Amino acid sequence: MNDPQPLSRNEEIKARSNFLRGTLKDAFDETAFGGLPDDDGQLIKFHGMYVQDDRDLRPERMKRKLDRAYSFMARLRIPGGVLTPRQYLTMDRLAGERANGTIRVTTRQTIQFHGILKSNVRAVLQEIDAVLLDTIAACGDVNRNVIATANPFLSRAHAEAVEAARQLSAHFLPRTGAWREIFIGDRRVLGGEPEVEPIYGSTYLPRKFKIAVAVPPSNDVDVFAHDLSFIAIVENGRIIGYNVVVGGGMGASHGEPETYPRTGTVIGYVGAGHLVPTAEAVLTLQRDYGDRSNRKHARLKYTIDDRGVDWFVRELASRMTTALEAKRPFHFDGNGDAIGWTTDTEGFHHRTLFIENGRIADRSGHQLRTALRTIAMLPEFIDRGAVVLTTNQNVVLARATDAERARIDAILAEAGVGSRQSVVRENAMACVALPTCGLALAESERFLPGLIDEIDELLKLRGLETQKITVRMTGCPNGCARPYIAEIGLIGRNPGRYNLHVGGAADGSRLNRLLRENADRSEILSILDGLFARYAAERSGNEGFGDFVQRVNVWA
Ligand code: SRM
Ligand code: SF4
């Protein structure tokens, strides 16, 4: 047996934090310093926030010997991504009054604010709390925002999937009163029952833990990318149970082959009534066996690969309330969103609006934030409608009447937004990266739109402009836009340079492979041009681009 390795520093921070309090209360009472002491900087994540600084300003501030321009990113917990229009309007106001004027829809179906000054953090969270939302456990070593196939209003099964996401989120919500005490101002009951975390214990999980619920044939949530996913099996319009998928994960580090992305393994099926106990069995197994000494090796995917799927299933069985049954057949037809209008059986209309890289902002000739605010304020829609966030960084304006549908179209057109984009752009995603992400090695959100302009041109040249091809970009190998399962994945390596991966499946079920390392813009475009030329000439029938590059083995 190897000697046990020492625990990572984060384990000590959690253990002595008094259930995630640390010295955060004092740190927020003191606003002269815009950041946080180191340990609190780790603990704040459990409360849904990160200390960041504007990296565009770093060189100039360094020259002037100034400290970094610190601010906070806050991420909400919105299981299933459903907001009422009134909640959305509060978020819109907060973005304008207390953040950087934008709302960022994330790949986990929630909202992030960037650029909140420390002195504004409490006010922001109090307003979020007032509309019955929170940021608890949106980051940190806990179960994160639980995602579900978008739009519960589409069918009864979709509604059940979102309800499942809410149940899972509530079940795994940390019980500590720290968030309310530090930010909302609730007082701790002295002499009350001692605080406990019945599921997590005082050191929570070894690392983040992510859950998704999918309703086939849509794999919009990318079930193979998360620690634990549930694929709904629907009969007569109702979810009767779920296939259970474990051990997906995207994160890796350049030059460290012991870190890698992994697609989840389908291990069996459970009836709908066993959803929460099954999730608890998986999560507690990871709590007990996950690596607490090396954070780069601490996700469930490594626990499973180190010990084997058979071991995992055996250990899981000893914790479950029911036996896993054989997995049931399922089929996914894609992992994108259907942009445009759909109508449900009650006659309500739902508009899935493409939001480039999830950034809701106003800019000259493109008044997206204003348009969404105007729509959310429409009389009656404000009480009946919904604003649903998707895991492809888009927004669904749900439950509009015939008259509202026409009005929504007019508002979008007037604002210069909402017109259809190229197929490839509508299916592309980029992570945030610069200037806020402290881990970015290259641009992503600010770089991809221009690159897509050029990819569009290449596709047109080959007559491929109606072909759906997923392109995903990240500013580093952590994989926040799930690039390793895209048909074309671009992973930031150095400023202006990316690792080009190709060969993911159109339904998100297969990892792509590295084709060229550290390529700049012109190399990327020239390689893609060659691949598109071959694809146009040699593809068979309606073969997808990812399947094609695999079949002809472009790595040979
Ligand atoms: Fe992520 C870290 C942004 C989804 C894997 N991610 C970060 C941080 C917080 C950077 C940091 O640690 O300092 C980024 C903040 C950037 C900023 O300025 O806002 C960040 N991640 C995002 C978002 C906003 C990307 C987006 O453009 O939408 C997504 C927010 C999701 C949410 O609402 O909860 C986001 N991150 C993901 C996903 C996709 C998913 O969950 O479906 C992944 C890959 C799946 C997975 O976890 O394996 C992902 N983020 C990571 C990792 C690598 C984790 C690992 O196991 O190695 C990190 C780095 C870390 O945790 O150390 C990271
Ligand atoms: Fe930041 Fe990397 Fe995630 Fe992009 S993939 S948001 S650069 S951590």
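So here's what we get for this one:
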item	result
Residue, farthest from ligand 2 (Cβ to nearest atom), within the stretch 145-182, restricted to residues that are touching a helix residue (DSSP H, G or I) at 6+ places or on another chain (Cβ under 9 Å) and among the charged types (D, E, K, R)	160
Selected residue (criterion: farthest from ligand 1 (Cβ to nearest atom)) from residues of the stretch 95-133 that are of a type in the set (Gly, Ala, Ser) and in contact with a helix residue (DSSP H, G or I) (Cβ under 7 Å, 6 or more places away or on another chain)	123
Members of the stretch 531-543 that are assigned to a helix (DSSP H, G or I) and either aromatic (Phe, Trp, Tyr) or more than 14 Å from residue 463 (Cα to Cα) (or both)	532, 535
Positions within the stretch 209-231 being surrounded by fewer than 24 Cβ atoms within 10 Å (Cβ to Cβ) and either farther than 26 Å from residue 311 by Cβ or out of contact with any helix residue (DSSP H, G or I) (no Cβ under 9 Å at 6 or more places or on another chain) (or both), in sequence order	216, 217, 218
Identity of the residue in the stretch 414-453, touching a Cys at 6+ places or on another chain (Cβ under 6 Å) and not polar (S, T, N, Q), that ends up nearest to residue 494 (Cα to Cα)	441
Selected residue (criterion: nearest to ligand 2 (Cβ to nearest atom)) from residues of the stretch 417-455 that are touching a residue at least 60 places away in the same chain (Cβ under 8 Å) and of a type in the set (D, E, K, R)	445
Matching residues, the stretch 297-310, being in contact with an Asp or Glu (Cβ under 9 Å, 6 or more places away or on another chain) and either closer than 15 Å to residue 205 by Cβ or not in a helix (DSSP H, G or I) (or both)	297, 298, 299, 300, 301, 302, 303
Residue satisfying condition, being surrounded by fewer than 15 Cβ atoms within 10 Å (Cβ to Cβ) and more than 22 Å from the chain's Cα centre (by Cα), within set 405, 363, 384, 399	363
Residue 414 vs. criteria over 16 Å from residue 335 (Cα atoms), in the same structural domain as residue 511 (by TED's automatic domain parsing), more than 16 Å from ligand 2 (Cβ to nearest atom) and surrounded by fewer than 23 Cβ atoms within 10 Å (Cβ to Cβ)	no
Of the criteria (1) assigned to a helix (DSSP H, G or I); (2) hydrophobic (A, V, I, L, M, F, W, C); (3) at pLDDT 95 or above, which one residue 137 fails	(1)
Subset of the stretch 7-33 that is of a type outside the set (Asp, Glu) and modelled with pLDDT under 95 - its residue that is surrounded by the fewest Cβ atoms within 10 Å (Cβ to Cβ)	32
Qualifying position, being in the same structural domain as residue 154 (by TED's automatic domain parsing) and surrounded by 18 or more Cβ atoms within 10 Å (Cβ to Cβ), among 316, 353	316
So residue 275, is it in contact (Cβ under 8 Å) with a residue 12 or more places away in the chain, of a type outside the set (Val, Ile, Thr), under 22 Å from residue 138 (Cα atoms) and assigned to a loop (DSSP other than H, G, I, E, B)	no
Checklist (1) of a type outside the set (Lys, Arg); (2) more than 16 Å from ligand 2 (Cβ to nearest atom); (3) buried (at least 23 other Cβ atoms within 10 Å of the Cβ) applied to residue 391, failing item	(2)
Boolean, residue 229 is of a type in the set (S, T, N, Q), within 28 Å of residue 204 (Cβ to Cβ), assigned by TED's automatic domain parsing to the domain that holds residue 147 and without any contact (Cβ under 8 Å) to a residue 40 or more places away in the chain	yes
Residue check for residue 460: free of Cβ contacts under 8 Å to residues at least 40 places away in the same chain and either among the small types (Gly, Ala, Ser) or more than 16 Å from ligand 2 (Cβ to nearest atom) (or both)	yes
Number of the condition not met by residue 203 [criteria: (1) closer than 23 Å to residue 20 by Cβ; (2) within 16 Å of ligand 1 (Cβ to nearest atom)]	(2)
Yes/no for residue 220 being charged (D, E, K, R) and within 16 Å of ligand 1 (Cβ to nearest atom)	yes
Count of residues meeting criterion [aliphatic (A, V, I, L, M) and within 10 Å of ligand 1 (Cβ to nearest atom)] in the stretch 243-276	2
Index of the failed condition, residue 476 passing every other in (1) surrounded by 23 or more Cβ atoms within 10 Å (Cβ to Cβ); (2) farther than 22 Å from residue 212 by Cβ; (3) within 16 Å of ligand 1 (Cβ to nearest atom)	(1)
Total residues in the stretch 117-147, condition under 11 Å from residue 78 (Cβ atoms) and within 16 Å of the chain's Cα centre (by Cα)	5
Only listed residue being surrounded by 15 or more Cβ atoms within 10 Å (Cβ to Cβ), within 24 Å of the chain's Cα centre (by Cα) and not in a strand (DSSP E or B), chosen from 511, 525	511
Of the criteria (1) in contact (Cβ under 8 Å) with a residue 40 or more places away in the chain; (2) within 13 Å of ligand 2 (Cβ to nearest atom); (3) not charged (D, E, K, R), which one residue 489 fails	(1)
Condition check for residue 470: outside the structural domain of residue 221 (by TED's automatic domain parsing), of a type in the set (S, T, N, Q) and buried (at least 19 other Cβ atoms within 10 Å of the Cβ)	yes
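The values are calculated or read from the model by the stated rules, or taken from the named source; none is laboratory data. Quick caveat: nothing in here was measured; it's all calculated off a predicted structure. Virtual Cβ from ideal backbone geometry, glycine too; neighbours counted across all protein chains shown.
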